Amino acid sequence: MTTLTENAHVRDLGNGAPLLLIHAFPLSGAMWQPQIEALAHNYRLIVPDLPGFGKTPLTADAYSLDDMADWLVSLLDERGLDRVAVAGLSMGGYVAFALLRRHRERITALVLADTRAGADSAEGKAGRETNAQLAENEGASAIANKMLPSLLSPDASAAATATLRAIIEGNAPAGIAAALRAMARRADSTELLADISVPTLIIVGAQDALTPPSEAQAMHSAIVGSQLVELANAGHIANIEQPEAFTTALQGFLNSM
Ligand code: MLT
């Protein structure tokens, strides 16, 4: 993937210490709307649609999450931002690990939400390829139909479900497929955890079925000094399902630095 960012769709808004918000799969920067509304008064928020998602075109058919990390650093360079706090949810967390591996000097603090450090199992990789072909053959709505039940808790509101469906269906099938293949190829970040030396907050929805609290607890045990917040009544996309509690945890952490 090229690191050209000229067609990137990036919301850059608010005033204060910079915070990069990295979205989940198969969503876009739009998933951060509740946090944008709450935090833009006090932080400068950099909220990209990753390549192939939302309004940012796919710049190569095949890319890696390391390419994503380099692309994000290009966005920071263009803005003259030397160091930022980084928050990534799920796939956004995988990209945050790639940032740590390749550009750790750019990160002041880390928020790992509803994510995991490990790589995919062989079965997981095969499932990614099945879903990539589903996206290519049947479009984004087929991915929404398949994934929505696992993105939110069983008690999620109809509004939260509708919000996620609209974001997913706004994505190009080729972007969804490329990200699935990139996630399947991602490195295992487990050994990186012991080297994390910036303040770190881990957030997880108590009913997260994809990256459950046990994954969050494992990261918490391995990252010295990290904080762990488990949100009640929240599934995988916890920032949408419990926006106020998620923002409170995020803000409390950022304010404490
Ligand atoms: C996400 O929410 O980003 C995805 O569920 C991550 C994954 O599929 O591993």
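At least 3 residues that are buried (at least 22 other Cβ atoms within 10 Å of the Cβ) and either of a type in the set (S, T, N, Q) or touching a residue at least 60 places away in the same chain (Cβ under 8 Å) (or both) in each: list the strands (runs of 3 or more DSSP E) lying fully within the range 1-84 that qualify. Break it down into steps so the answer makes sense when it comes.
Working: elements: 10-13, 17-22, 43-48.
Ranges flagged: 17-22.
With respect to GLY80, determine if the residue is under 28 Å from LEU45 (Cα atoms), of a type in the set (Gly, Ala, Ser) and within 15 Å of the ligand (Cβ to nearest atom). Show your work before the answer.
Values: under 28 Å from LEU45 (Cα atoms): yes; of a type in the set (Gly, Ala, Ser): yes; within 15 Å of the ligand (Cβ to nearest atom): no.
Here the answer is no, as GLY80 does not meet what is asked.
So if I check each of GLY92, GLY139, GLY127, which one is touching a strand residue (DSSP E or B) at 6+ places or on another chain (Cβ under 8 Å) and at pLDDT 95 or above?
Answer to the selection: GLY92.
Scan the range 116-131 for residues that are in contact with a Leu (Cβ under 9 Å, 6 or more places away or on another chain) and within 22 Å of SER221 (Cα to Cα) and jot them down.
ARG116, ALA117
Counting only residues that are away from the ligand (no atom under 12 Å from the Cβ) and not in a helix (DSSP H, G or I), which one in the range 87-111 is farthest from PRO26 (Cα to Cα)?
Top of the filtered list is THR108.
Report the residue count in the range 107-156 for those that are among the polar types (S, T, N, Q), buried (at least 19 other Cβ atoms within 10 Å of the Cβ) and within 18 Å of SER189 (Cβ to Cβ).
Matching residues across the range 107-156 total 1.
Taking helices (runs of 4 or more DSSP H) that fall entirely within the range 157-257, which contain at least 2 residues that are within 16 Å of the ligand (Cβ to nearest atom) and buried (at least 23 other Cβ atoms within 10 Å of the Cβ)?
158-169, 173-184, 213-222, 238-241
Only residues in the range 183-195 that are touching a residue at least 24 places away in the same chain (Cβ under 8 Å) and farther than 28 Å from ASN131 by Cα count as the first member; pair them with residues that are outside any helix (DSSP H, G or I) and within 15 Å of the ligand (Cβ to nearest atom), Cβ under 9 angstrom, at least 6 apart or cross-chain, and list the lot.
LEU192/ALA117; LEU193/ALA117
Among the listed residues VAL111, VAL73, which satisfies the condition of being in contact with a strand residue (DSSP E or B) (Cβ under 6 Å, 6 or more places away or on another chain) and within 30 Å of VAL224 (Cβ to Cβ)?
Every option except VAL111 fails the conditions.
Can you confirm whether the range 128-140 contains a residue that is without any contact (Cβ under 8 Å) to a residue 12 or more places away in the chain, within 14 Å of the ligand (Cβ to nearest atom), part of a helix (DSSP H, G or I) and among the charged types (D, E, K, R)?
No, the conditions are met nowhere in the range 128-140.
The values are calculated or read from the model by the stated rules, or taken from the named source; none is laboratory data. Because the structure is a prediction, the values reported are computed rather than measured. Note that each Cβ is placed from the backbone with ideal geometry, even for glycine, and that neighbours are counted across all protein chains shown.
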